[in-house]
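See structure below.
The values are calculated or read from the model by the stated rules, or taken from the named source; none is laboratory data. All values derive from a computational prediction rather than experimental measurement. Neighbour counts are summed over all protein chains in view; Cβ atoms, including those assigned to glycine, are modelled from backbone coordinates with ideal geometry. Keep in mind that these areas ignore ligands, DNA and RNA; they rest on the heavy atoms of the full protein, side chains included. Shrake-Rupley method; radii C 1.70, N 1.55, O 1.52, S 1.80 Å.
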Amino acid sequence: MRKFIIKRLLLSVLILFFVGFIIYAMMRLLPTSYIENIAYTKSLQPNSKSYEEWMEQLSVTYGMNNGVVGGYFQWIGHAIVGDFGDSWFYTVPVTQKFHETVWLSFVMGLISLIFELIIAIPLGVLAATKQYSKTDYTISVLSFITISFPTFFFASLLKLVFSVNLGWFDLYGLVGRNYDQLSAIGKFFDKANHLVLPIFCLTFLSIGGLMRYTRTNMLEVLNSDYIRTARSKGLSEGTVIYKHAFRNTLIPLVTIVGGSLPGLFSGALITETLFMIPGIGFTSYNAMVAGDIPFSMFYMVFLAILTLLGNLISDILYAVVDPRVRIA
Amino acid sequence: MNEQDKELQQEIGVNPAEEPEVKDENIANPETENLDREAIETVAEQEAEQEAKEEDSGDEEHLSLNDDRRVKVLSPGMLVLKRFFRNKVAVVGLIILAAMFVFSFIGALFSPYGEAQRFYRIEDIRQPIGGAKVITEVVYDSPSGTPKSSLTIPAGRAIKLINLVYEGLPTEKVVIDWETPAKEREITSLPYGPITQSGVSYTIQSNDTVEYTKGADTFTLTRKGGFYEVIKDSDLAFIGYTYSLNAIKQTDEMTFDFKVAAFGTYEDLKATSTDSATFNVGSDVFELNSDGEIKKGGEDYAYIMSYNVKPISDLDFYTQDFKEAVIYAIENNPMLPGNEKQFDYVKEGETEPTTYSLIYNAASEKWEIKEALPSQVYDKYSAPSGAHWLGTDGHGMDMLTRLMYGGRVSLLVGFIVVIIETVLGVIMGGIAGYFGGWVDNIIMRLVDVFYCIPTTPILIILGAAMDEMRVDPTVRLIYLMLLLGFFGWAGVARLVRGQILSLREQEFMTATEACGISAHRRIFRHLIPNVIPQLIVTCTMGLGSTILIEATLSFLGLGVRFPFASWGNIINDVNDVYVLTHYLFVWIPAGVCIVLTVLAFNLVGDGLRDAFDPRMKR
């Protein structure tokens, strides 16, 4: 087991190295980063140096003057000790901005994951136990509908119904206009109020996948021999399903949910942007659109790490919860 | 007992033939026979669909082979189709898809409008038609038009000097503000000077004359009230005045000589408090009264005003009456909110008065004259009507037509991206799975790398970069498809490799090897076809998710760009809160189209999976 984990970790580092290089090379080769924008604006000012001269000067200032390969190794050298440089767009250290924003995203992700589990798993089990019934069809079609909705369209619909027509929530942002005048509890509820729609949106769009996954696995379990045995022993249907079947369905569920845990830190890029929630996703979106290389680099490598970590966790969990699985 | 139940029984091994009800009811019905056969074939299929036909003959042994028992054997493809069409949900998906294709690809042919055809409507919009201003600054004029600023700047300074002493010598020290730094000077006696500024030296000769030298030239500026003459070498070089001279008829041109004579005489009248005087320009005789009205041969010819009232267009001409109405309104009418004054004026040949507004601009001290004129504007956000069934969008284009073309783009992008993904994925996955060893290792690490690359952020960055570089929309569309395909092949490669790894160990592959078939043929003729069922399912589902990604990018303004329509960029308008709340017809239909299409692809994909592999049924 330890050997497997070490091997996987080493492999992950290698993969990460190349992923980082691809991203870095792409960002550096695009002629539209933040530096180019500044150089262009500055060169347009009267009596200014030419664009090329500004570029030369700014490249040195921002440490972008050694080629792509050299620059990448320089970046790695700093990144390994946790120094991701200063964000150009936010003009603060990248890690500081990250700490300011990531916890909001994490809370949003966690709450929506909890709701997702609460809603999707029971519905999935229900659909599987009543296979081919009306309930099953309704749940299946519902789960397909939730995965077919584009985030922006669903968010717009939510805004139209709950913000515009019912006036329950604000359209954008994390805090209301009178936030500063509120008491501590008022501030908490103000933020909570602003997070309702984004979390609803996140939850709704993600339950479909988990619901179908639960249903498929539950069906597989229900068709297995030991369930038939349990039934033939004359156990009640409730015992069969919740004691024998559901517990075995948990095996794949635990692995997939465990694997999705690192993803809680990645933030919801689109949802946060649509609701202008200053989590890591929205922050990164602004930085990326502005061509902020240090921040974008950090965010994308961070996402890659989370993906690798998620895969590793689900593989390990798979072996942990299911003793039949042997890891080579 | 419905069909699904039968299938369930097939799955758990109950032979429907043993069900008495079914047997009794449908004993002579070939349909039932087919069902029975299918149950058997399903078992056969589990071995390998390719060999289904051969294995059929083997399976038939435990049935009687009498001709009356013999039924038509369905090919594996037909079986899949049959099973697919039995799935109602999948059929609904297929119908939606077909409808979407007809709507997008054929509907656009029948639409009377083009993809980027704009519509207009006539609307009364207040437009600036002219301006009015109290003349506070000296206007310069010379025989050859407005003199150069190199001439007027010293003249302006000379005028400032002369104004200091015009009413007699100043009793206090005066500040000459145009000197740098501004200087305080005491002018006690005339002539005074020289004062030098920017290489020009000024000398105040008398209380209405300033002489100044610039290089070798000497200019003499004489003041007559609000009228200034600048003489150089005893010739009149240019004049300055603080009035406007307006012709009664548009055809009469106010010549330089006429201006000189008119202003000169006007100032003389004012100085001497005479009521009228005459002056000659060439052979013409003009009569001027103290109100500034000039007559030629007893008829009104021109008039002098202290306001400058001018139309914006040279083709327009304001009558004296209108100009006086403007001036009267400026001086007497109450100020409305927004620095606005209004007045009514009956245009010549009309009976109803027209309302004009005067908007004051404090920075330029100008009044802008505005009139509500019918103008052609884009027919933006017009509500659904007979001409535009779904109304028009923010560019004044027909919504329904945009939706059709948008569907084309969205579906095309989906298909092309999935084709790119599949081709790349099948080649890479096929090679990796078949050859194994170090080739497999390298390719799979590459797959891992691509799996790890966060696609959405990268596409956002590239989209923003393409925005910045102003990439042509067509090129952009192609880039978008290539990029989406390039970043999406890893999943397909993994699937194909996994399938091939398990297929490679099966007997039929050993047989192909024994037959000495070339590697190329073995991969592409024997392995890949067996992967195809899985591949079709993945592709169908992939189409849905690709359309979602494309729509999201276009919605953020980073994907398909105007003039191309795509369902995503049609909804883009919803970013404007006013559109969100008031123009539902602009963004709801496109959203519904996306949801329906993606849903349909998912349903069909799911149906196909069940049809291809009944063991995996949901």
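A few comments on the model shown:
- The residues in region B:551-608 that are of a type in the set (D, E, K, R) and not in a helix (DSSP H, G or I) can be counted, and the count is 2.
- In summary, strands (runs of 3 or more DSSP E) completely within region B:216-262 and bearing 2 or more residues that are more than 22 Å from B:Ile327 (Cα to Cα) occur at B:217-224, B:227-232, B:235-241.
- All of (1) of a type in the set (Val, Ile, Thr); (2) within 11 Å of chain B (Cβ to nearest Cβ); (3) open to solvent by 50 Å² or more (accessible area, probe 1.4 Å) hold for A:Val301 with one exception: (3).
Yes/no per residue for (1) within 23 Å of A:Glu100 (Cβ to Cβ); (2) open to solvent by less than 30 Å² (accessible area, probe 1.4 Å); (3) modelled with pLDDT of 90 or more:
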{"site": "A:Gly186", "(1), (2), (3)": "yes, yes, no"}
{"site": "A:Leu197", "(1), (2), (3)": "yes, yes, yes"}
{"site": "A:Tyr242", "(1), (2), (3)": "no, no, no"}
{"site": "A:Thr249", "(1), (2), (3)": "no, yes, no"}
{"site": "A:Pro262", "(1), (2), (3)": "yes, yes, no"}
{"site": "A:Glu272", "(1), (2), (3)": "yes, yes, yes"}
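- Put simply, of A:Leu250, A:Leu274 the only residue that is over 30 Å from A:Ala128 (Cβ atoms), of a type in the set (A, V, I, L, M) and out of contact with any strand residue (DSSP E or B) (no Cβ under 6 Å at 6 or more places or on another chain) is A:Leu274.
- Against the numbered list (1) at the interface with another protein chain (Cβ under 10 Å from one of its Cβ atoms); (2) more than 32 Å from the chain's Cα centre (by Cα); (3) not in a helix (DSSP H, G or I), B:Gly516 comes up short only at (1).
- Answer residue from region B:411-449, given it is open to solvent by less than 20 Å² (accessible area, probe 1.4 Å) and within 11 Å of chain A (Cβ to nearest Cβ) and is farthest from A:Leu16 (Cα to Cα) among those: B:Met444
- For region B:92-104, residues that are surrounded by fewer than 17 Cβ atoms within 10 Å (Cβ to Cβ), touching a residue at least 12 places away in the same chain (Cβ under 8 Å) and over 17 Å from A:Ile145 (Cβ atoms) total 1.
- Scanning region A:21-50 for residues that are away from chain B (no Cβ under 14 Å), farther than 17 Å from A:Trp88 by Cα and surrounded by 15 or more Cβ atoms within 10 Å (Cβ to Cβ) gives a single hit, A:Ser43.
- Residues of region B:463-482 classified as surrounded by fewer than 19 Cβ atoms within 10 Å (Cβ to Cβ) and within 11 Å of chain A (Cβ to nearest Cβ), total: 5
- Residue that is farthest from the chain's Cα centre (by Cα) [pool: residues in region A:13-40 that are in a helix (DSSP H, G or I) and β-branched (Val, Ile, Thr)]: A:Ile38
- For region B:314-337, filtering for residues that are in a loop (DSSP other than H, G, I, E, B) and either under 11 Å from B:Ile248 (Cα atoms) or open to solvent by 40 Å² or more (accessible area, probe 1.4 Å) (or both) leaves 9.
- On inspection, A:Leu10 does not qualify as within 11 Å of another protein chain (Cβ to nearest Cβ), among the aliphatic types (A, V, I, L, M) and either under 28 Å from the mean Cα position of the chain (by Cα) or in a loop (DSSP other than H, G, I, E, B) (or both).
- Subset of region A:96-140 (residues that are part of a helix (DSSP H, G or I), within 14 Å of chain B (Cβ to nearest Cβ) and surrounded by fewer than 15 Cβ atoms within 10 Å (Cβ to Cβ)): A:Lys134, A:Thr135, A:Thr138
- Those residues of region B:217-260 which are closer than 19 Å to B:Ser306 by Cα, in contact with an Asp or Glu (Cβ under 8 Å, 6 or more places away or on another chain) and either open to solvent by 60 Å² or more (accessible area, probe 1.4 Å) or free of Cβ contacts under 8 Å to residues at least 40 places away in the same chain (or both), in sequence order: B:Lys224, B:Val260
- A:Ile293 satisfies every condition listed in (1) farther than 23 Å from A:Arg28 by Cα; (2) open to solvent by less than 30 Å² (accessible area, probe 1.4 Å); (3) β-branched (Val, Ile, Thr) except (1).
- Of all residues in region A:284-298, those that are touching a residue at least 40 places away in the same chain (Cβ under 8 Å) and assigned to a helix (DSSP H, G or I) total 8.
- Tally of residues being part of a helix (DSSP H, G or I) and either surrounded by fewer than 16 Cβ atoms within 10 Å (Cβ to Cβ) or away from chain B (no Cβ under 14 Å) (or both) across region A:210-230: 6
- Qualifying residue in region B:522-539 (condition: closer than 28 Å to B:Thr474 by Cβ and assigned to a helix (DSSP H, G or I)): yes
- Test: A:Tyr285 is within 12 Å of chain B (Cβ to nearest Cβ), buried (at least 21 other Cβ atoms within 10 Å of the Cβ), within 12 Å of the chain's Cα centre (by Cα) and under 18 Å from B:Thr455 (Cβ atoms): no
- Check on B:Gly542, open to solvent by 10 Å² or more (accessible area, probe 1.4 Å) and touching a helix residue (DSSP H, G or I) at 6+ places or on another chain (Cβ under 7 Å): yes
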